[in-house]
Amino acid sequence: MSEPDRDTPLSRTAASAAVAGTGWRYLQGVLAVSVPVRSLAQASEAAAAAVAACGDDADGHLRVDLRPDRVELSVQTRALGVTTGRDPWLGHRIDSALAGLGLAPAAATSAGATSAGSPRPVQVLELAIDAMDIPAIRPFWKAVLGYADEPGSDGGLDAIVDPAGQLPAIWFQQMDSPRPQRNRIHLDITVAHDEAGPRVHAALAAGGRLADDSFAPSYWVMADPEGNEACVCTWTDRNEPER
């Protein structure tokens, strides 16, 4: 396929396809990869190689999390809060730099995660709060957590994010009527499209139940034995541009 224009926002399908087979995965508006390493010193070396590969684009696109056993990398056009054509291009540059160090991405799904040296596939956690009046409660959560508006958003009904990029994003789900007997905060775990099936099956095997699969493969609503909910989410069937 032809290389996408580097400054054009990508659809979810296009972003995922642009890194297919590389170990990078499209998640919640970002491309992410986990790279096994043998030490923190090697992790630092891998991070330096990734920064150098991105050049002048590093600050505006690349985020790095160093651990003694792995380096987790993500690229996104941070000013817009979306994936553009520049991000998969940077991902391929990073891959080449890491290959020069003898490093390669971990397996993409749970089936091969252990053998590849990574504790789990890449994923993104969000919290969702059900609300009758989102503009009324959103400022409270923004203030109490020290959060900020999503890049590129206009506030009001949009999600809020940790400005340091460390804690989960929070989004608000509009309720049509009060539901006092149901939990009003749930977790959204976003995984790559081919990781969702194994994750759902693992949750069922662990005693959970499938509460709703009518929106699959975009997301499956799972519930624990007491009815507390979590959604296993993917980009699939959400193919409109991010903005």
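What follows draws every value from the coordinates through simple rules; no lab data is involved. Remember, predicted model here, so these are calculated numbers, not experimental data. Note that each Cβ is placed from the backbone with ideal geometry, even for glycine, and that neighbours are counted across all protein chains shown.
Worth pointing out:
- Among 70-82, 31-43, the peptide with the highest mean count of other Cβ atoms within 10 Å heads the list, and the full ranking is 70-82, 31-43.
- For the chain, the longest principal axis of the C-alpha atoms and the axis of helix 134-145 are separated by about 50°.
- Between 0 and 90°, nearest 10: helix 40-54 axis offset from the chain longest Cα axis: 90
- Residues whose placed amide H lies under 5 Å from that of Thr84, excluding near-sequence neighbours: Leu10, Thr77
- Summed over qualifying helices (DSSP H, 4 residues or more, each -39500 (n - 2.57)) and divided by its residue number, the chain shows a 222 nm mean residue ellipticity of -8000 deg cm²/dmol.
- Dipole magnitude for segment 12-113: computed about the Cα centre from +1 point charges on Lys and Arg Cβ and -1 point charges on Asp and Glu Cβ, it is near 220 debye.
- Between helix 86-99 and the chain: long-axis angle, C-alpha atoms, 0 to 90°, nearest 10: 50
- Segment 123-233 - charge dipole about Cα centre, Lys and Arg +1 at Cβ, Asp and Glu -1, debye rounded to 20: 280
- Taking every DSSP bridge with both residues inside the chain, close to 75 percent are antiparallel.
- The chain - percent relative contact order, Cα under 8 Å, separation 6 or more: 20
- Computed magnitude of the charge dipole of the chain (debye, nearest 20; Cβ of K, R +1, Cβ of D, E -1): 500
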